[in-house]
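Below: the structure, in structure tokens.
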Amino acid sequence: MSTKRQFRLPFDADLEDFLQKDSPGLVDYRILNQALDARGANRGKTPMVDYTVEVIKAGERFEAFKEEFQDLGAFKTRPIIIGAGPAGLFCALRFAEYGIPCLLIERGERAHKRMIHIAKFWRYGVFHTENNVCYGEGGAGLFSDGKLITRIKSPFVQYVMNRMVDFGAPPETAYLSNPHLGSNKIRLLINKISDFLISRGSEILYNTRVDELLTDESDPTKIIGVRTHDGQSHYSDAVILATGHSAKEIYHHLDKLKVAMKPKDFAIGVRIEHPRELIDRLQYGDFAGLKLGAARYRLSYQDPTTEKGTYSFCMCPGGYVLSSGTDADGIVVNGMSNYARNSRWSNAALVVSVKAGEDFPASSLLAGLEYQQDVEKKAYQVSVERASGKELPAQTLREFLDNSWHQRPLPKTSTPSGLVQAPLREILPNYVSSHLTKALEEFDRKMKGFVTDEALLIAPETRTSAPLTLLRDPETLESLSHKGLYPCGEGAGHAGGITSAAVDGVKIAMSLIRKYKNY
């Protein structure tokens, strides 16, 4: 029988050497959890690593992690999954484990072909409506930092991590407390998952946009299938809606069908970009550049007068700022990094809470969506007036804080789309600018040197989360208003990030397996 050990070591200590001394007779070990604690490193405190390790001696063996799945056979009608992002793919994967094939419909291309369209957009401004940073196989998660951090508590989290490793993620993905794949490794992994689904009998339709949910003629609250842009109809007793938080056409269609939804709070703001060496030094002090890698940070400030929060989001150490809009006349920024996190810059979203019913009217279901689009169109118009329309509006951090406009040369940047100098207060809502100003001053007190001439603000960051929540039964996960419809993932307002979206997909699959297979 194996033994579990918990202990703490300096970041540069040799784990195997420690275990050989700590556990005489050790034959093998495996790491169950590993977490870096670098608090105080900028004040000279040695960073530490907390470990949970399972060890075995002669005659002992590790407990098996692998789940066993019974082949339950196909449903009467195969489930239809709309969207091949993390939620849709992991929903289909869980079905496949039990021998249940699906029809997966994706509006964009396979990941490697999608990259060609995106590269043209970043470098030349050639926009593709169906293949961009948000649409296509892998969804928006394909062009993110690849962080698999989640705060949700679910027995399916470890399943998602283990399956990521099975399909090619680094082994440490299964045990690091803050696992990170990077966009380059996610692309390879997503291809393998899709190929596996096809090998298990599922069908994937690429370059196929779902334009309509089909309802029963005798019962308009019963979803019976979908109609795609090419006029084809596909029928099923279960339609899983995993379209992501940027598929605005679906929101409009759901509104017409009177699907149960409610406006949801979200956040908007900017991307802040620093030289990576500066952030590493601020966080790690003299330990920067050793074995710690690119430094992360998380900052937040609650304004006591307005009770609005301003916080960092999706921090990308050693990453890039990307143009990630889904409309030809709108600009959106996001961040990503590759597995090595070795670019010369680090960036993060700095966003301010946007409250439904306070900052936009909650009486209109689509008001939050329109709010996002208004800001994105302003950014595009500024870019067109001052450049070609593909360049991202940017301003130095100090000029933004001083509310000045000197048009000095901007620092170098990571973005492949280029920058255009612009006063960002003309793009952002007034209260967003004022809250950012207060928060940045506070952040500089927490991380002295955060406010610097070397820092850039790039705008706008608007797609932090969905502007709507699709209401569903807490047990069955079926829509509260429409039978046969299962809202899933980020676009439904029930997840935030790659891991939680994937877990939500697994939950939907298991709910339907219980329903139709009594399993």
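No value in this document is a laboratory result; all are computed from the given coordinates. Just so it is clear, the structure is predicted and the values come from calculations on it, not from any experiment. Neighbour counts are summed over all protein chains in view; Cβ atoms, including those assigned to glycine, are modelled from backbone coordinates with ideal geometry.
Would you calculate the separation in nanometres between label points at GLU358 and SER23, each defined as 7 Å from the Cα along the Cα-to-beta-carbon direction?
Result: 5.0 nm between the two label points.
Where does the charge balance sit around ALA111 when Lys and Arg score +1, Asp and Glu -1, over other residues with C-beta under 15 Å from its C-beta?
Value of the local net charge: +2.
Roughly speaking, what is the stretch gain from HIS112 to THR129, that is 0.36 nm per residue apart minus the C-alpha to C-alpha distance, in nm to one decimal?
Answer, rounded to one decimal: 4.4 nm.
Hey, can you grab everything whose amide H is under 5 Å from the amide H of PHE266? Only 5+ residues off in sequence or another chain; H modelled, so Pro and N-termini drop out.
Close amide H contacts, sequence-distant or interchain: VAL354, ALA356.
Kindly rank 178-189, 496-507 from highest to lowest mean number of other beta carbons found within 10 Å of each residue. Provide the component values of the computation, followed by the final result.
Details: 178-189: 20.2, 496-507: 25.7.
Top of the packing list down: 496-507, 178-189.
For segment 433-438, take each phi angle, set θ = phi - 60°, evaluate the Karplus expression 6.51 cos²θ - 1.76 cosθ + 1.60, and give the result in whole Hz per residue in order, putting x for glycine and proline.
Each residue of segment 433-438 in turn: 4, 5, 6, 4, 4, 4 Hz.
Rounding to the nearest 20 debye, state how big the charge dipole of segment 260-366 is about its Cα centre with +1 on each Lys and Arg Cβ and -1 on each Asp and Glu Cβ.
Dipole size: approximately 420 debye.
Would you grab the residues whose amide H sits under 5 Å from the one on MET261? Only those 5+ places off in sequence or on another chain, please, with H modelled 1.01 Å from N.
Close amide H contacts, sequence-distant or interchain: LEU471.
Summarise the long-distance tail of P(r) for segment 265-461 by giving the % of C-alpha pairs beyond 24 Å.
Numbers: 7233 of 19306 pairs.
Every Cα pair in segment 265-461 considered, those over 24 Å come to 37 percent.
When you count, for each residue, the other Cβ atoms within 10 Å and take the mean per peptide, how do 312-321, 120-129 rank with the highest first? Before the final figure, lay out each step's value.
Details: 312-321: 23.9, 120-129: 15.7.
Per-residue mean Cβ counts within 10 Å order the peptides as 312-321, 120-129.
Enumerate the calculated ³J(HN,Hα) couplings along segment 154-164 in order (Karplus 6.51 cos²θ - 1.76 cosθ + 1.60, θ = phi - 60°), each rounded to whole Hz, writing x wherever the residue is Gly or Pro.
Calculated HN-Hα couplings, in order: 7, x, 8, 4, 5, 4, 4, 4, 5, 5, 4 Hz.
Dipole size in debye (nearest 20) for the chain around its Cα centre, Lys and Arg Cβ +1, Asp and Glu Cβ -1?
Roughly 540 debye, rounded to the nearest 20.
DSSP loop trypsin sites (Lys or Arg not before Pro) in segment 324-360 with at most 14 other Cβ atoms within 10 Å of their Cβ, which ones?
Taking segment 324-360 and a limit of 14 other Cβ atoms within 10 Å, the loop trypsin sites (Lys or Arg not before Pro) found are ARG344.
Summarise the long-distance tail of P(r) for segment 371-463 by giving the % of C-alpha pairs beyond 15 Å.
Summing the P(r) of segment 371-463 above 15 Å gives 60 percent of all pairs.
With θ taken as phi - 60° and the coefficients 6.51, -1.76 and 1.60, list the Karplus ³J(HN,Hα) couplings across segment 412-427 in order, rounded to whole Hz; mark glycine and proline as x.
Rounded to whole hertz, the list is 5, 9, 8, 6, x, 7, x, 10, 10, 5, 7, x, 5, 5, 7, 9.
Put a dot 7 Å past each Cα toward the Cβ at THR476 and LYS515; how far apart are the dots in nm?
0.6
What lysines could a cross-link reach from LYS76, if we take a straight Cα to Cα line under 25 Å and drop same-chain neighbours fewer than 8 places away?
The qualifying lysines are LYS222, LYS483, LYS507, LYS515, LYS517.
Report the calculated FRET efficiency for ILE198 and LEU410 (r = Cβ-Cβ distance, R0 = 30 Å), to the nearest 0.05.
Calculated transfer efficiency: 0.05.
Quick one: the Cα spread of the chain along its three principal axes, in angstroms, biggest first?
Principal axes ranked by extent give 70, 64, 44 Å for the Cα atoms.
Mind checking which of TYR380, PRO429, ASN342 is farthest towards the positive end of segment 265-461's charge dipole, using Cβ charges of +1 (Lys, Arg) and -1 (Asp, Glu) about the Cα centre?
With unit charges placed on the Cβ atoms, the residue in question is ASN342.
P(r) of segment 380-519 in 10 Å steps, Cα pairs, percent per bin?
So the P(r) values, bin by bin, are 10, 27, 21, 18, 16, 7, 1.
Sorted by mean Cβ packing within 10 Å, highest first, what order do the peptides 53-60, 416-423 take?
Highest to lowest by the protection proxy: 416-423, 53-60.
Return the long-range amide H neighbours of ILE224 (sequence gap of 5 or more, or a different chain), with a cut-off of under 5 Å between placed amide H atoms.
LEU214, THR215, ASP216
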